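Have a look at the structure below before the remarks.
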Amino acid sequence: MSLRLVIFLASIVLIIFSMHLLFFKSIMSFFSITKPLHKAALYAAMAALTMVVITAFLSARTYDAWWVSGYYRIAATWLGFLVHFLVAIMAVWIAGMAAHYAKLPIERNAIATIFLLAACIYSTYGIFNAFTPRAREIPVYLDNVPAAWENSKIVHLSDIHLGRVHGKTFTEKLVRQVNRINPDIVVITGDIFDGLGGKWHGYLAPILDGITAQKGVFYVTGNHEGYIGEHRSIQMLNKTTMTRLDNELIEIDGLEIMGISYPGIRSMEEIAGLPEGGEKGDTARILLFHTPTSIIRNEGDSMDRHFSTYWMPDTSFSCNRKLNIDLQLSGHTHHGQIFPANLLTRLLYKGFDYGLNKSGSIYVYTTSGAGTWGPPMRTATISEIAVIRLKKK
């Protein structure tokens, strides 16, 4: 194990411990808990919950047993509640100070009770939201839309994260919803599987294969396919009728569709079927790529690439423009998934973390994704099935 990895893991443990410490210390302060026995009980609960979160994530990557999935779901759900509790605690401190300076007769324990209860309700709504995908139509006006594709329905899925949390029931529900849309084509921009270990992916892929579309189902890989092993992921998906676009350009009824595998390419020469110089005919060209960034990969080892992808994403889209892309479809960000992480993703991705945006001549649509990673809840956004409707300018 490298020193950098040890430092990274130690940092994660420290962050999780600090989150629990802040929560429990604040509870003691808000509700004036001073008795040694009561404080000892809270410290014991803090230590236990910290260990539950850490051991659940580690065991989920190692063991296949059914109870491990249950243990992981409990820990991940608690982590989501904890994030919202911490937001509530910050609000309590701010409200308490405001009441103090305004000389309002409001007890801090009353404010804390209201805000923590609101955090519980908000988190519970987030769990429901995470397992209730909703279709969203997005009209996109492009030059040179082929007649066969005008007003067509392109269902864009991403970040389904099939595995321990999003299992058989969720997959079947998602398939039914997509098929009711009656799409012309379905494209999936990575993270079909969740990156945790387990045998669950093998029997979920055939269920996902129930999606039907007139012109086919196409996908590219994301970072989580790499976490469980890209070879293993592709092996499972090869047993379905879905088509992988692995750094290649194809044409379907006059529309050009390019798929780039995560983490990207080193040069345009790696794209099969691409005319010299990236030239295109009198038609629209769509790019499928997991992250709403340039498709040129960052150099360095995997840790360098992950750091750059998450904290210094390249939203210049410079190479993508050279390829004459009209519309890029991406995912990855989850639109933050849990408040207030959406504020961070918007900052890091310079506004390209969600929705339809434009960079020069390229439209970029980033979906919030259908599944979840980590806490099985969505409070920053919806669980989304994007329906792209191509229209001529």
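Some notes on this structure:
Residue-by-condition table, conditions (1) under 21 Å from L274 (Cα atoms); (2) modelled with pLDDT of 90 or more; (3) of a type outside the set (K, R); (4) not assigned by TED's automatic domain parsing to the domain that holds F81:
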residue: N298; (1), (2), (3), (4): no, no, yes, yes
residue: D301; (1), (2), (3), (4): no, no, yes, yes
residue: H306; (1), (2), (3), (4): no, no, yes, yes
residue: W311; (1), (2), (3), (4): no, no, yes, yes
residue: N320; (1), (2), (3), (4): yes, yes, yes, yes
residue: N324; (1), (2), (3), (4): yes, yes, yes, yes
residue: Q328; (1), (2), (3), (4): yes, yes, yes, yes
residue: H334; (1), (2), (3), (4): no, yes, yes, yes
residue: I338; (1), (2), (3), (4): no, yes, yes, yes
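- Checked across the stretch 327-337, the condition of being more than 16 Å from T221 (Cα to Cα), more than 24 Å from the chain's Cα centre (by Cα) and in a loop (DSSP other than H, G, I, E, B) holds for no residue.
- Hits in the stretch 179-200 - residues which are among the β-branched types (V, I, T) and surrounded by fewer than 24 Cβ atoms within 10 Å (Cβ to Cβ): I181, I185
- Candidate set from the stretch 113-146 (those that are among the small types (G, A, S) and part of a helix (DSSP H, G or I)); member that is surrounded by the fewest Cβ atoms within 10 Å (Cβ to Cβ): A118
- Among the residues of the stretch 145-173, those identified as of a type outside the set (V, I, T), over 17 Å from the mean Cα position of the chain (by Cα) and closer than 30 Å to A284 by Cα are P146, A147, A148, W149, E150, N151, S152, K153.
- Of all residues in the stretch 255-269, none are under 26 Å from K153 (Cα atoms), in the same structural domain as F218 (by TED's automatic domain parsing), at pLDDT below 90 and in contact with a strand residue (DSSP E or B) (Cβ under 9 Å, 6 or more places away or on another chain).
- Evaluating F81 against the criteria (1) in contact with a Cys (Cβ under 9 Å, 6 or more places away or on another chain); (2) hydrophobic (A, V, I, L, M, F, W, C); (3) in a loop (DSSP other than H, G, I, E, B) leaves one unmet condition, (3).
- Matching option when the condition is farther than 18 Å from V220 by Cα, buried (at least 24 other Cβ atoms within 10 Å of the Cβ) and not aliphatic (A, V, I, L, M), among F307, F352: F352
The values are calculated or read from the model by the stated rules, or taken from the named source; none is laboratory data. Note that the structure is a prediction, hence the values are computed from the model and not measured. Cβ atoms come from the backbone with ideal geometry, glycine included; neighbour counts cover every protein chain shown.
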